[in-house]
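Encoded as structure tokens, the structure appears first; notes follow it.
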Amino acid sequence: MSKNKFRPFWSYDVLKTQDWLNDLSFKGYKLIKVNPVLRIFQFNKSESENKKHIINYDKGLDGYPIYIKDGNDYTEICYTKNFYFLEQISDEPNSVPSYNDLVSRNRKIKYIVGQMLLFQIMLYSFFILIVIIFTLGIGSVTVESIPSNEVEYTTIEIMSAIAFILVNFGYFIIQIWMIYSFFRLRVSNRKLEVFCGDGIDMSFTIPKDTILTKEEIRKLRKEKKLIKKTKVAWFYSPDKIEDWLEQMELKGFNLIRMSKIGNSFYFKTGLPRNVKYHVDFQTKKGANYFSLNKESGWKLYFTSYSRFMAISVWGQEYTELVPKYYSDHETKVKHAKKYMWTYLAVFLPAILFVVLSIGMSITLFAYANFENISTWMILSPLIMLVLVVELLFFCFKVIRYYSRVKATEL
Amino acid sequence: MAKSIESLIPLSETAYYILLSLNVPRHGYGIIKYVEKLTGSRIKLGSGTVYTTLGKMSKVKVISVYQDRDRKTVYELTVEGSKLLELEINRIKIVYKDTLYQEGLFNEQK
């Protein structure tokens, strides 16, 4: 006897779905098949069992992963596109699934949904702002309504009204779904990150041992044992900051930490050291990223939490041989290319947008009477022009960085 | 899989040695250490290179990623990966054979 169960958002919180499946198998429902399109789980009635289910996501995998091959730890239940379902037999398996792929999938969905929500919020606040401006400017906003018994509606009008209500209702449902998805994925990802080891190992991503209290900093600065240097917009030529940091170390200024956004550097005065620095850009930072670098002797000075500006600063002290973060030219150049394009992808559309805005303001001039030109009308294109020049300068810097990396030998 | 494994050949020296070191499943740092030992310190892989290359390889399903008992990430060759390595080993064997033959001819001329 088989039974179907509908679970529409099962993939949002895989750990919860796992528990749900464990519960059902205890109640005597054995999982047979999963329909990913209809989100239907098919069960067979059998004896009550204490089973431990594992669900995982492996992008592009059509079948089962390699680590279950021995057959001592897991048995296969079923798989759908990218997802697979297992039953864990052994209590202490030799290998466990890595949830890294699942976390990055969830992050991607969360990011897209989050962006759409942000756009919605901006739209609403813009609307509210306009209402406020009008109320303040005109004094009041009146909405007039005509008594309904005085007007006769045609069929088309009624139909379009119903359609309008339906569309808005659908829109409302979509918004609810987006908010639900966003928060659900957030909760689920936090749990999964702990499973990945991210949550556990992330503690060493913050250089806690080098964080000083404000009093300590003040005391050290008074004794001239600590100096703080701030660099503005250094992200666009990371290789120059690497050189600068290395030079500072040679002069006896040892970097201890950086500020939270990464624009300030704290140095302690000490002995001259040979340290190799590397500014790394990685969008998919998993626990293994930090552990691999740490084991290879690199010390983390800074890592950004944001996914877009995924920059980490690593340093390694050496005596003779200069340690290499990238041991081959190809990967090094590819890294620089990714670095460059990430910034260009943001700056170029922004430049285009501002240039278009300048064009619009200039056309406004053509229609304006010379008597009522306000200072704002002259000032705003100028401000925008400065912005364009600045953005172009950043683009130029980041392109120069890439060409420098490309030209230099390893 | 987006690409056929044949299109990945020839592999870069880094990629080749990473695959070669995966005769048993290894951790990221284990790969670096093993390659260093295998090549007599000729090749010291940088952690950034290894991380990027491993990421690329798991994307094309040449290797598979999971975690061991201590929740440390482990990399293992997949069936596709073994096939790729075999193809590359055969290619390098031919290169080696041709090199030896030509080297002999060059030496005769001297």
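The values are calculated or read from the model by the stated rules, or taken from the named source; none is laboratory data. Keep in mind the model is a prediction, meaning the values are calculated, not measured. Here the Cβ positions follow ideal geometry from the backbone for every residue, glycine too, while neighbour counts run over all protein chains shown. The protein model used for the area step is the full one, side chains on, heavy atoms only, and it has no ligands, DNA or RNA in it. Shrake-Rupley method; radii C 1.70, N 1.55, O 1.52, S 1.80 Å.
Observations on the model:
- Solvent-accessible surface, computed for protein heavy atoms with a probe of 1.4 Å, shrinks by 40 Å² or more for the following residues of the range A:49-72 when the other protein chains are added to the isolated chain: A:ILE66.
- Taking the protein heavy atoms of the range A:2-97 in the context of the full set of protein chains, the accessible area attributed to carbon and sulfur is 46 percent at 1.4 Å.
- Apportionment of accessible area to carbon and sulfur, chain B, percent (1.4 Å): 57 percent
- Distance from the C-alpha centroid of the range B:10-33 to that of the range B:74-110: 17 Å, rounded to the whole angstrom.
- For A:GLY60, the residues whose modelled amide H falls within less than 5 Å of its own, excluding neighbours fewer than 5 places apart on the same chain, are A:ASN82.
- Average accessible area per residue (Å²) across the range A:331-407 - probe 1.4 Å, nucleic acids and ligands excluded: 67 Å²
- For the range A:21-70, accessible area per residue (1.4 Å probe, heavy atoms of protein chains only), Å²: 56 Å²
- Highest mean packing comes first when the peptides B:5-15, A:357-367, B:95-105, A:329-339 are listed by Cβ atoms within 10 Å, giving A:329-339, B:5-15, A:357-367, B:95-105.
- Using heavy atoms of the protein chains and a probe of 1.4 Å, the accessible area assigned to A:GLU215 is about 120 Å².
- Calculated mean residue ellipticity at 222 nm for the protein assembly as shown: -17500 deg cm²/dmol, from DSSP H runs with n ≥ 4 weighted as -39500 (n - 2.57), summed, divided by the residue count and rounded to 500.
- Summed buried accessible area for B+A [probe radius 1.4 Å, Å², rounded to 100]: 2700 Å²
- Average beta carbon contacts from partner chains per residue of B:70-81, 10 Å cutoff: 4
- Among A:ILE174, A:TYR277, A:VAL405 the positive-end extreme of the charge dipole of chain A (Cβ point charges): A:TYR277
- Qualifying aspartates and glutamates (Cα of each under 18 Å from Cα of A:LYS225; at least 8 residues distant if same chain): A:ASP209, A:GLU215, A:GLU216, A:GLU249
- The overall shape of the protein assembly as shown is oblate: from the C-alpha gyration tensor, with semi-axes ordered a ≥ b ≥ c, the ratio a/c is 1.5 or greater and a/b is no larger than b/c.
- C-alpha center-to-center spacing [the range A:376-410, the range A:99-138] in angstrom: 28 Å
- Each peptide in A:28-40, A:256-268, B:51-63 gets a packing score, the mean of other Cβ atoms within 10 Å over its residues, and the list from highest to lowest is B:51-63, A:256-268, A:28-40.
- For A:LYS33, the residues whose amide H sits under 5 Å from its own are A:GLN42, ignoring neighbours fewer than 5 places away on the same chain, with H placed 1.01 Å from N.
- Dimensions (Å) - the range A:331-407, Cα atoms, principal axes, largest first: 60, 15, 14
- Listed by chain and number, the lysines whose alpha-carbon sits under 18 Å from that of A:LYS45, ignoring those within fewer than 8 places in the same chain, are A:LYS3, A:LYS5, A:LYS27, A:LYS30, A:LYS33.
- Taken over the Cα atoms of the range B:1-80, the convex hull encloses 92 Å³ per residue.
- Tensor-based shape of the range A:2-97 (alpha-carbon gyration tensor, a/c under 1.5 rounded, otherwise prolate or oblate): oblate
- The separation of the range B:35-61 from the range A:2-76, counted between C-alpha centres, amounts to 35 Å.
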